[in-house]
Amino acid sequence: MRANLTVNKLFIHSETNNKSFYTDFGDRLNVIYGANTSGKSTLIQLILFAFGINDNKDKLVNILSENIFVRLDFKVTKNDEQLLYTFIRKDETIYIKDQKSLKVTVFSGISGNTSAEHIKLKAFFNKLLDFNLMLETKAGINTAPIEVIFLPYYVSQDVGWVYLRKSFTGLDFYKNFKEDFLDYYLGVLTLEDRAKRKEIENELSECKQKQHFYQNFESTSSEIESAKLLDDSFKGKGNEFIDHLTSKKASLLNEENKFVKLTNQLAYNKQRLSVLSKVSRNHKHQIPGEGNCPICRQVLPSSTESLFEYYQNENDSLTTKQKMLEENKKVQSELNSLSKKIEILRNELTNDYKKLIVYSSNDITLDDWIKTQANIKLENSIIENIGKLAIRITELKKSLQQFKDDDDIEAERLDKNRTFKKYYNQNNIQLGVQRLEDNRFNYVYELSSFPFQGVQLHLAVLSYHFAFNRIVDSTPNVHRLPLILDSIFKEDLDSVNKENILKFICNNKPTDTQTIVSVADNKLKDPKIDYYNNKFFDSTTKLICVGNSIDKESILSQHHSDLDPLLNDSYSIMEYV
């Protein structure tokens, strides 16, 4: 089942100036309004910032300089379960509290998208939303950045209303980004599936080439055919020859092993005799009552016990030396005997080989037969490999059946193109966008820009995103996020088009997710928000005012004590150990 994220609350606080901003969000349409440059876009960008997106940080320089943290409370509905989370971002650190387990996870140092902590955060987000889009770079295939999670659901104020898939920068860095992006969100094919299919196709081709080579080599090699004939003539004598030499060689190896062991034992005994000799010599200078301790130079004690122990040790050393000498004689004798036996075996082995190798039949010697055995082994190996390759080829063909081939993919893409075109043209009728017959401007896989300018371009982009969101909604298992449209009114829009846009959004907003839009409205200059509220918005619409709809750059205002519980709870999360 798909994951659906809903934003519940946003809280911003400046520790330096003791200023705050707080709002909750409705489950359907949310309208952020205020004067131009009041901070509506900044508010939306701070939502993205709280999720760990760094793309728009340069646009947040002013408010970030006020030493703020951003807290976002949201829920994720997945598998009929609601998961509540709190994200708090302060500079390069994100604190994530799971409201069910009350566990706090911290990611420090996330300002760079390639940092280890940001990669961990991305993995957390991917797991939370079951997001698994893979993108290709020169370095290989990797999971898509967090920005791509939001890309289908976000239209930025500036380039978002001009170019498609450009609300975040740097995504053109990925190879075939448009196709991989669309395939994933429209449920056609993932890059991972395509990579696996290509890998199987390459292996299948390689196996077929090997199989052809082996079959062709076996049928055309005269050396193998000759070797097979020789093998039939000499099979009995050859096996007899090999068995005889193997037996002799085993006897020789056995005697050589014995020789090595006895040599080691003799070396050990000689070393031990050397040590005993040194001990015995030193022992003579350590008579109790006469000799000195070799360490402290004190005269050794002359008690009866000391005298007994001294002479007992002396007798033990002499006895051991005598035993070692006797044993060495015995070992040396065995070594001499083994040496002769080894020499005899080596000579016999050499003579036997010379006698057997000249055995011939029909002017072909046993030596010739031995040389052909490599070809016999080669033939057996070829037969074995042909069998293994046949099995592997069958397995690979079966594996390929689970993947879509190029024709299947193109057919599905065409079906998605036609569905998108239907939705897109329906939207265009409502918005008054000029109809174009050329599929380059109607098919989602071919669209990159529109042949319009000004108001028509703005309306066409709006139409595109609602059509795209609708078709994504029908894709199983793809996460759903709030549809965020920043600055839905262009400055040159007349009142008729503004009302048409609001009517369109209210009539076509997604039913399964939130919609968050921002509009410019100034109380001192032709205020319209109350008029829009009465004419277009229903009771579920949440209005969010920035800067009293008058002030500029005025998201934050003096902190109110009513927000102290939220502030203290935020500090407790950031101070979690």
ask   = Can you give the convex hull volume per residue for the Cα atoms of the range 1-123, as a whole number of Å³?
value = 126 Å³
ask   = What residues have an amide H closer than 5 Å to that of residue 8, excluding those fewer than 5 places away on the same chain, when H is modeled at 1.01 Å from N in the peptide plane?
value = 73, 74, 75
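Bear in mind that the values in this text are calculations on the coordinates, not laboratory data. These numbers were taken from a predicted model, which means no experiment stands behind them.
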